[in-house]
Amino acid sequence: MKRKLGWFGLGFAGAELAAAILPPLVCVPAAAFLVWLAFFSRKRRRDHGIPLLGAVCGLAWFLVFSLVWVRPARALAGQTVTCTAVVETDADASYSESRLRGTLRLTEIDGRPANVRVQCSSFPGENAGERFKAQFALAELPDNKYRLSRNSKGVYLQAEYLGSYQPLAASRAPRFALYRLRQRWSAVLRRWLPRQLDGMETAMLLADKSRLDDAVQQAFRTAGVSHLLAVSGLHLALLCGLFSFGRRWKFYKPLIILRGAVALFYVLLTGVPVSVLRAGLVFAVALAGDFLLLPFDLLTATGFAAILMGLQNAYAPCDIGFQLSFCAVLGVQAAAALTRAEERAAEDKPAAVRLLCRLAEPVQSAALASLATLPVLVAHGMAASLAGLVCNVLVVWMLQPALQMGILLLAVSAVPFLLPFTNLTALLLSLWLKLLLWLVERCAALPFASVCLPQRYTLFVLAVLGMLAAAYWHAKKLRACLPAVAACAVLAVGMGLWMQRDVVQLALVGAANNPCVVCVQNGKTVVFFRGGESNLAAVKNYLAGRSRGKPVLLVDLRAKPTELDFAAAEVVTMQEQPDFATRPVLDGLALDLYHNKSASLAVLEVGGRHIAVGAGNIQLAEPVRVDVLCAPGSWPDAVQPDTVLYTSTAPKWLDKAENCTLRYGEEEPGLTLRPGRSIFWEEAQTVAVQ
């Protein structure tokens, strides 16, 4: 097996990811099985045991890391302590005035030195780097979709601020000086660039998304090029490529040192996100090989980076940036191997064939990188972009000029007598960014630009296709693999469309104490709206992230409705409805609407099951029996539910939910049901039976 270190590193990182996700009782027999496989492979002198050996080492290191570093930190859960805290650079404004939320580094706990990171939803402060002493209640992180991501950043506890605030001198750590420098440079770019475009440039160049417009971010996400707005290996390679000239010059080796210094500065300036750290380590390996005149291999360097990052934090592979970055590298490697095979086959072909192979190279790279990252996107519940291939080919090449002009603008704006040149640079950069945004928006507007795939089924299909490809590769019949995989993919898509037909999906979106309910069937959407502007923004983001079109119906349940900035084919305001009305909605569903004084109730009938959404305590002559009641802000006495689905940690009506099954979900819980069949709960767990 070639590239042994690369495969060892990927096995190492994969085992750490599996150990973080799977329960310990599964990891122990899996580790024993891997040890046996590795020993068996080595005994038969096969190199296939190298990734297995890496997996065994990854599991062993995860155990050591958990016992030595993670367990002592989690042992603090349940304690109330007085700490000296430092505000980290990811802190942003909280819901309360003069408060922040984000990560705190506890450097002293009850008078003892410490180095513990905690997540806190509200604490006093204004800027990163501030130090203060206060009292906190420590607890374990909630078991939700953010837990592993926070673990990957070294956060294992959450803290609740209790008071006793005492300000201290600000931290003088270099990372805060670099953070302030990044903020100053962001302000310079915003001063010279128009709105929307300034947020794009600061995100692409400085990893500062604080001024990034939501519409711009959504357009990039829908078009499949959101990686351009997140500083990664592509940005680092393009910037450090400015110093790659002079290979035959005498001072080429000093230039290598300069490139390394620039890369290190840029990695630190951007706050050392996982994707940039991975790229920085790979780039360091490449520079070392260049300095020693040794060949460079991307997969080997990537595996080496995975080992170093996994040693630094065994939860690092849980970060979505880590997963996307490494999967994209594997896709690019596969595209490079395919290109080399095509070039060898086209050596004795006409010039037109060789030209076609060159033109196909960027398309193949974009396609295989997108395919390699698809499992990660689906596993995290994110939408896949069918327009990503086209958009990547159209706009990725525009990134380097945008970064170069941004650096030039920062440089010339610092010299007062270069004001005319500064204006010219800002104008050119604005036009360039406007063209880039226009192309992205056109791609995002394409039909089916973004598709939300069913998570479990899609992952199952991808796993089957992967095993099929591995079987053909092992049998050395790769030419027969493509038709077989294509046929299986077409069959899987057809079965998926058939199985999803008429399926109804409901999700609770927005504020925990009074969320909206979004109902989707066959690509059509109905929104039951309650709450304020924050709920409206949450619904828009939910629909946009899942490529749902304009809702066919919006039911406004509020007692005092105001005009909504929301596009829907039809809007029904309950205050304008009679006491009772019924109507068909979507495909074969029935909707009953009850209105009484300032309270409203909507009951959706799906194949004999009834789901209720209410606002206020409605009074009816006879109570309504329903299967599911969706997270009421106040308990409706006229509704008798079998199950209550809610998102608030401590609802006021909890003592009134008698003889009900309670299902709690912190982030967008919901249910999926096929008319006339059973209900599947999504992101919700049974709490108690009253």
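The values are calculated or read from the model by the stated rules, or taken from the named source; none is laboratory data. Because the structure is a prediction, the values reported are computed rather than measured. Positions of Cβ are generated from backbone atoms using ideal geometry, with glycine treated the same way; all protein chains shown enter the neighbour counts.
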Show the residue pairs that are 6+ apart or on different chains and have beta-carbon atoms under 8 Å apart, the first residue being within segment 435-446 and under 10 Å from residue 219 (Cβ atoms), the second being part of a helix (DSSP H, G or I) and among the small types (Gly, Ala, Ser).
-> 437/219; 440/219; 441/219; 444/219
Report those helices (runs of 4 or more DSSP H) wholly inside segment 345-432 carrying at least 2 residues which are within 19 Å of residue 237 (Cβ to Cβ) and within 21 Å of the chain's Cα centre (by Cα).
-> 351-379
Quick one: in segment 558-614, which of the residues that are closer than 28 Å to residue 677 by Cβ and part of a loop (DSSP other than H, G, I, E, B) is farthest from the chain's Cα centre (by Cα)?
-> 608
Across segment 285-329, what is the number of residues that are under 19 Å from the mean Cα position of the chain (by Cα) and either part of a helix (DSSP H, G or I) or more than 23 Å from residue 374 (Cβ to Cβ) (or both)?
-> 14
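Which one is surrounded by the fewest Cβ atoms within 10 Å (Cβ to Cβ), of the residues in segment 271-301 that are of a type in the set (Val, Ile, Thr) and out of contact with any Asp or Glu (no Cβ under 7 Å at 6 or more places or on another chain)? It would help to see each step written out before you state the result.
The initial filter retains those residues of segment 271-301 that are of a type in the set (Val, Ile, Thr), namely 272, 274, 276, 282, 285, 300.
Retained after the next criterion (residues that are out of contact with any Asp or Glu (no Cβ under 7 Å at 6 or more places or on another chain)): 272, 276, 282, 285, 300.
Numbers: 272: 14, 276: 26, 282: 24, 285: 20, 300: 21.
Once the filter is applied, the top-ranked residue is 272.
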Can you tell me how many residues in segment 615-642 are in a strand (DSSP E or B) and either of a type in the set (A, V, I, L, M) or crowded, with 21+ Cβ neighbours inside 10 Å (or both)?
-> 8
Between residues in segment 454-474 that are aromatic (Phe, Trp, Tyr) and residues that are surrounded by 12 or more Cβ atoms within 10 Å (Cβ to Cβ), which pairs lie under 6 Å by C-beta distance while being six or more apart or on different chains?
-> 457/496; 472/481
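Would you check if residue 638 is among the hydrophobic types (A, V, I, L, M, F, W, C) and closer than 21 Å to residue 143 by Cβ?
No, not satisfied.
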Return yes or no: is residue 360 among the small types (Gly, Ala, Ser) and either farther than 21 Å from residue 321 by Cβ or exposed (fewer than 12 other Cβ atoms within 10 Å of the Cβ) (or both)?
-> yes
Within segment 622-636, count every residue that is more than 19 Å from residue 505 (Cα to Cα) and modelled with pLDDT of 80 or more.
-> 6
Restricted to segment 501-536 and to residues being of a type in the set (S, T, N, Q) and assigned to a loop (DSSP other than H, G, I, E, B), the residue surrounded by the fewest Cβ atoms within 10 Å (Cβ to Cβ) is 522
Collect the residues in segment 417-433 that are surrounded by 14 or more Cβ atoms within 10 Å (Cβ to Cβ) and within 14 Å of residue 398 (Cβ to Cβ), keeping them in residue-number order.
-> 428, 429, 430, 432, 433
